[in-house]
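Where a number appears in this text, it was derived from the coordinates with a stated rule and is not lab data. Everything numeric in this text was worked out from a predicted model, so none of it was measured. With ideal geometry, Cβ positions are generated from the backbone for all residues, glycine too; neighbour counts draw on all protein chains shown.
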Amino acid sequence: MRSLIYAHRGSSGAYAEHTRAAYLQALADGADGVECDIHLSQDRQPVLIHDAAVDRTSNGTGPVASHTVEQLRQLDFSGWKQVPVPAAYGTNAQQFLTLAELLDLLAGAGRRISLAVEFKQPGPFGLDLEDTVLALLKARGWEPETSRLGLITVSFMSFSPDSVRHLRRSVPAAFVCQLLADVDDAAIAEAALLLPPGFDTAGMLNRALAEGEEIVSTGEAGIAGPGVEYLRAHPERVAGWAAAGTTIRAWTVDDPADAQAAYRLGVQEFTTNYPQTLRSVLAALERADQGGNG
């Protein structure tokens, strides 16, 4: 079976993550799908950005939730990458995207494409984040039963078990992904930025991981989303899920050695910053398998 490739925040190895250029490049690279992270702006619009603050990926400062969409449009989300953007991919001022704009961009591709939407939790708006995105999709004609919006198939992801369970109230398991990563210092530091001082961040993350693994094992989520470090640490567990029929969508698979190991574990979907490069790696593995079975 042909592996599916999702462009991680667009082809973010080539252009700044979550920008118009990155997503247009992903389409040009022939990605089967694209992945995006969602926060809500101050005026409750779903916007594409990974961090809870704009500092790392723009020339602005402060929480995403303290900026309106129009204020976010005034920031430069492309310059930090220091890669010239081709004129065909828009000006620097056109690189910031809302979810609605990404949907328009994908619809314009004129081919079947998948969209993986990651909800960043915990966040200042709680589960209103998920509800706002689902309402936007429904208003545009999204069908929950098939999770289709025209030529776009939408799946939903989160590290938060609460988010995943909330999504399952209206979305079939086949289109819901429980993301998984072992708890390390970096994860604790990132989550701590969103939580009150003195909060047991490590304990919360470890409890969420255990719940997430249970959600996958019971089939409440039809897609497991392990990171490459999780794959290395728990190969038997991942292989067992794959053998039981769970779809495995691994992230972020940029190294050919990681791709080969993931493929051998039964990973069917690969999220990568370099979709064109990964396609050649996976195609070689698929040809080898076909040759062996011929």
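Side notes on the structure shown:
- Put in line by how crowded their Cβ is, counting other Cβ atoms within 10 Å and starting with the fewest, GLU145, GLU190, GLU269 read GLU145, GLU190, GLU269.
- Shape index of the stretch 84-219: Rg/Rh, with Rg the Cα radius of gyration and Rh the Kirkwood radius from the inverse mean 1/r over Cα pairs, equals 1.02.
- Extension gain from GLU145 to SER217, taking 0.36 nm per residue of separation minus the Cα-Cα distance: 23.7 nm
- Derived scalar couplings ³J(HN,Hα) [the stretch 141-147; Karplus, 6.51 cos²θ - 1.76 cosθ + 1.60; whole Hz; x for Gly, Pro]: x, 5, 9, x, 5, 9, 6
- Helices in the chain, meaning DSSP H runs of at least 4 residues, each add -39500 (n - 2.57). Divided by all residues, the mean residue ellipticity at 222 nm is -11000 deg cm²/dmol.
- In this structure the amide hydrogen of HIS39, modeled in the peptide plane, comes within under 5 Å of the amide hydrogens of VAL47, ILE49, none closer than 5 places in sequence on its chain.
- Label-point gap, in nm, between GLN94 and ALA107 - each point 7 angstrom along Cα→Cβ: 1.8
- A cut-off under 13 angstrom between Cβ atoms defines the neighbours of LEU193, and their net charge, with Lys, Arg +1 and Asp, Glu -1, is -1.
- Of all the options ARG279, ARG232, ARG20, the one that moves most in a Gaussian network model of the chain with Cα springs shorter than 10 angstrom is ARG232.
- Rounded to the nearest 5, the antiparallel percentage of DSSP beta bridges internal to the stretch 106-247 is 20%.
- Hypothetical label at LEU195: residues of the stretch 103-133 whose amide nitrogen lies under 11 Å (7 Å Cα-Cβ projection): 122
- The distance separating the Cα centre of the stretch 36-87 from that of the stretch 242-288 comes to 30 Å.
- Under a 5 Å amide H cut-off, with hydrogens placed 1.01 Å from N, PHE156 pairs with VAL117, VAL176, CYS177 among residues at least 5 apart or on other chains.
- For the chain, there are no membrane-span-like helices by this rule, meaning no whole DSSP H stretch whose C-alpha atoms cover at least 15 Å of axis and whose Kyte-Doolittle mean is 1.0 or above; this says nothing about an actual membrane.
- Packing-based order for 238-249, 193-204, using average beta carbon neighbours within 10 Å, highest first: 238-249, 193-204
- Of all beta bridges that DSSP places with both ends in the chain, some 20 percent have antiparallel geometry.
- Neighbourhood net charge (12 Å Cβ-Cβ; Lys/Arg +1, Asp/Glu -1) for SER163: -2
- Among SER170, SER58, SER3, sorting on how many other beta-carbon atoms sit within 10 Å of each Cβ, with the fewest leading, yields SER170, SER3, SER58.
- Top of TRP80, TRP142, TRP251 by mean-square fluctuation, Gaussian network on the chain, Cα under 10 Å: TRP80
- Among the listed options [x] 1.02; [y] 1.23; [z] 0.95, the one matching Rg/Rh (Cα atoms, Kirkwood Rh) as calculated from these coordinates is [z].
- Using a Gaussian network model of the chain in which every pair of alpha carbons under 10 angstrom is joined by a spring, one finds that among VAL281, VAL176, VAL228 the greatest mean-square fluctuation is at VAL281.
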